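As structure tokens, the structure follows; a few thoughts come after it.
The values are calculated or read from the model by the stated rules, or taken from the named source; none is laboratory data. Here the structure is a predicted model, which is why all the values come from computation and not from measurement. Cβ placement follows ideal geometry from the backbone for every residue including glycine, while neighbour counts extend to all protein chains displayed. Accessible surface is based on the protein model in full, side chains and every heavy atom, while ligands, DNA and RNA are left aside. Shrake-Rupley method; radii C 1.70, N 1.55, O 1.52, S 1.80 Å.
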There are 2 protein chains.
Amino acid sequence: MANKHKHNDNKELQTLLVFGPPVILPTLEARNLHKYRFLKAFSSQLPLHQFLNMQNVDPSSIQAILCNPLQQVSADVIRLLPSLSIIVTNSVGTEHIDLSECSRHGVQVVSAGALFAEDVADMAVGLLIDVMWKISAADRHVRKWGPSKPFNLSLGSKLEGKRVGIVGLGRIGGEVAKRLEAFDCRIMYHSRNKKPFVSYPFYSNVVELAGKSDVLVLCCALNEQTRHIITKEVMLALGKDGVIINVGRGALIDEKELVWCLMEGEIGGAGLDVFENEPNVPKELFVLDNVVLTPHAAVDTQESTNKIYEHVAASLEAFFLSKPQIVPAMND
Amino acid sequence: MANKHKHNDNKELQTLLVFGPPVILPTLEARNLHKYRFLKAFSSQLPLHQFLNMQNVDPSSIQAILCNPLQQVSADVIRLLPSLSIIVTNSVGTEHIDLSECSRHGVQVVSAGALFAEDVADMAVGLLIDVMWKISAADRHVRKWGPSKPFNLSLGSKLEGKRVGIVGLGRIGGEVAKRLEAFDCRIMYHSRNKKPFVSYPFYSNVVELAGKSDVLVLCCALNEQTRHIITKEVMLALGKDGVIINVGRGALIDEKELVWCLMEGEIGGAGLDVFENEPNVPKELFVLDNVVLTPHAAVDTQESTNKIYEHVAASLEAFFLSKPQIVPAMND
């Protein structure tokens, strides 16, 4: 608190360049007007250098960016800001940030990391049960027809004994595995490397994993190695009763082929929280009862929003507080 | 096989009086025409004694009834059939059968018992995640509006740390608890008596359990003690953020009060697979985005249908085979 007040008394507002904008921005703004000047680049159509010029801001005065995946933090942006030292994103993924350029310029990137792992895992399991049991389809049916028409979608399918291939066994994948073990599913996984101390069967080849699986759950980060990791070949190997759950990023799947496979019955169903061209969702899926579609909602809980607010606020505070002065040691 | 053939060779068809009808009847019929004469009481509007008369069947020749919960097996029915010895129902619940009358006449009742416990538990967890994360509501929204309108339902809520009160900790309740522990929920329960060897906190009073819970999951059987066990008082104790999941029987809840509590925001949401007057679902619920409605679908999996077929067929076979003759011992 002493530091906060000192900071406040100095009346030196730190400039925060905001892309996105992150969902927590209104709260951050309301609580930190005495600390930060919020430069809302997201609200302008101008190129960044013109925007800064209009605001009378010297690009070399900007040390911090706050962003979310809706807007790119490109190499051009990073090069324009010679004093940039930190980028805080309120997302788990960092694919909207040019990490190579950050690395070249010594810019620290702070993401939500594992903060959302449990939320995303809850959503993955929820989507899976929903697809297997056709809960959303049944709910639509009941609301539309009431008792006048019996629910005649094909029978649901239980989770017990299902072979679940997790693509990307990081924090999120691990939380998914933990949950699905309680349903007596059989867990397998693919990741860049076999994990030490993990007893689930490992497959270095995704097609092979799909061939052994009833369900694929996509939990990995999107990068050049994982873009379209789920090809048509993978889906055909998964087969006509197979289900795909995607809580990672839309572009992990070749979406055009996914739509084709679903429409042709080449796979059994899908639960999708993410899409290749968000917020667009392929319209062909709207008529299918074997898919469940949610609009990238897996981290939208009140609890997570509170957590991310605290994480972002603390990251920025730690950065700016450590800059202007050396905090005196306890015994000084 | 030897016994089966002997039975077949004798050409003595056993009479099976069928109420309901159970979903497995077509399969049972197709595979057992050489064993049973199927008397389809469900397809007639006549009183049972007239129906039997029309079919030239002596009531005292009937030893077995096959049924499901759609049709009552009343005391009158049981009294009409002096040789009735077994009632096989393809349901978990037996509230459609007059158990006291069965007991007085020494009629054995065979239900699906714990066969469906895992299915029903899957469904309970699926409904809970769906309500907490508003999956079905989001899916409806995406299908209706696509990207033209952002999904603006209030934020979802994670399962971690939620206090879940299970009403009825039998096989199904136990399977629900096992699953929700993997989501780091805190389990409590109410049942007739405190279970030995169970470490979850026990509440003898449902209102008190509701007051301590974020979620109530109803898994108990319907009987005179449990009818309307979830009163308005229980729901008010659960509170405005509380969620009720019902995979037991509709009449466990005072449905009129449930509808009122949901409409007035006195509870936070509900996931309902069962209703008080099935197949009717209260129409007032159709406009609410905090409820998920499925048409008593929790046991409708292909795997369960196969299981129940085997269970029913084996129960009937065991009964009839044990009747006409003593099966010779292996060393005869």
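Couple of notes before you dig in:
- A residue that is more than 12 Å from chain B (Cβ to nearest Cβ) and touching a helix residue (DSSP H, G or I) at 6+ places or on another chain (Cβ under 9 Å) occurs somewhere in the stretch A:299-310.
- Those strands (runs of 3 or more DSSP E) of the stretch B:157-266 in which 1 or more residues are in contact with a Ser or Thr (Cβ under 7 Å, 6 or more places away or on another chain) and at pLDDT 95 or above occupy B:163-167, B:186-190.
- Per the listing A:Gly165, A:Gly161, the residue uniquely surrounded by 16 or more Cβ atoms within 10 Å (Cβ to Cβ) and of a type outside the set (S, T, N, Q) is A:Gly165.
- Residues in the stretch A:122-140 that are touching a strand residue (DSSP E or B) at 6+ places or on another chain (Cβ under 7 Å) and either open to solvent by less than 20 Å² (accessible area, probe 1.4 Å) or without any contact (Cβ under 8 Å) to a residue 60 or more places away in the chain (or both): A:Ala124, A:Leu127, A:Leu128, A:Asp130, A:Val131, A:Met132, A:Trp133, A:Ile135, A:Ser136, A:Asp139.
- Cross-chain or 6+ apart pairs with Cβ under 8 Å, the stretch A:173-198 first and under 20 Å from A:Asp119 (Cα atoms), then among the polar types (S, T, N, Q): A:Gly173/A:Ser191
- Flag if A:Ala270 is of a type in the set (Gly, Ala, Ser), in contact with a helix residue (DSSP H, G or I) (Cβ under 7 Å, 6 or more places away or on another chain) and over 16 Å from A:Val131 (Cα atoms): no
- Long-range neighbours under 9 Å by Cβ, at least six apart or interchain, first residue at the interface with chain A (Cβ under 9 Å from one of its Cβ atoms) and more than 14 Å from A:Ala138 (Cα to Cα) within the stretch B:263-281, second among the aliphatic types (A, V, I, L, M) and open to solvent by 50 Å² or more (accessible area, probe 1.4 Å): B:Glu278/B:Leu70
- Checked against (1) touching a Leu at 6+ places or on another chain (Cβ under 7 Å); (2) open to solvent by less than 30 Å² (accessible area, probe 1.4 Å); (3) among the acidic types (Asp, Glu), A:Asp119 passes all but a single condition, namely (1).
- Selection status of B:Val125, facing chain A (nearest Cβ under 7 Å), β-branched (Val, Ile, Thr), touching a helix residue (DSSP H, G or I) at 6+ places or on another chain (Cβ under 8 Å) and part of a helix (DSSP H, G or I): yes
- Boolean, A:Arg186 is open to solvent by 50 Å² or more (accessible area, probe 1.4 Å) and either over 24 Å from B:Asp184 (Cβ atoms) or under 20 Å from the mean Cα position of the chain (by Cα) (or both): no
- Residue check, A:Val107 under 25 Å from the mean Cα position of the chain (by Cα) and either surrounded by fewer than 18 Cβ atoms within 10 Å (Cβ to Cβ) or modelled with pLDDT of 95 or more (or both): no
- Of all residues in the stretch A:168-181 being within 14 Å of chain B (Cβ to nearest Cβ) and open to solvent by 10 Å² or more (accessible area, probe 1.4 Å), the one that is farthest from the chain's Cα centre (by Cα): A:Glu181
- Selection within the stretch B:15-36: residues that are surrounded by fewer than 13 Cβ atoms within 10 Å (Cβ to Cβ) and touching a residue at least 12 places away in the same chain (Cβ under 8 Å). The member of this set that is farthest from the chain's Cα centre (by Cα) is B:His34.
- Subset tally (residues that are among the small types (Gly, Ala, Ser) and either assigned to a helix (DSSP H, G or I) or under 15 Å from A:Val299 (Cβ atoms) (or both)) for the stretch A:81-92: 1
- Taken over the stretch B:141-166, the criterion of being touching a residue at least 24 places away in the same chain (Cβ under 8 Å) and not aliphatic (A, V, I, L, M) is satisfied by B:Gly156, B:Ser157, B:Lys158, B:Glu160, B:Gly161, B:Lys162, B:Arg163, B:Gly165.
- Top-ranked residue of the stretch A:228-258 - restricted to ones that are of a type in the set (D, E, K, R) and surrounded by fewer than 17 Cβ atoms within 10 Å (Cβ to Cβ), ranked as nearest to the chain's Cα centre (by Cα): A:Lys256
- Some residue of the stretch B:201-213 being at positive phi and open to solvent by 10 Å² or more (accessible area, probe 1.4 Å): no
- Test result for A:Gln225, open to solvent by 20 Å² or more (accessible area, probe 1.4 Å) and free of Cβ contacts under 8 Å to residues at least 24 places away in the same chain: no
Residues checked against (1) assigned to a strand (DSSP E or B); (2) closer than 30 Å to B:Val292 by Cα:
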position	(1), (2)
A:Leu66	yes, no
A:Leu70	no, no
A:Arg79	no, no
A:Thr94	no, no
A:Val109	yes, no
A:Asp119	no, yes
A:Asp139	no, yes
A:Gly146	no, yes
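- Only listed residue being modelled with pLDDT of 75 or more, surrounded by 15 or more Cβ atoms within 10 Å (Cβ to Cβ) and at negative phi, chosen from A:Val312, A:Val287, A:Val299: A:Val312
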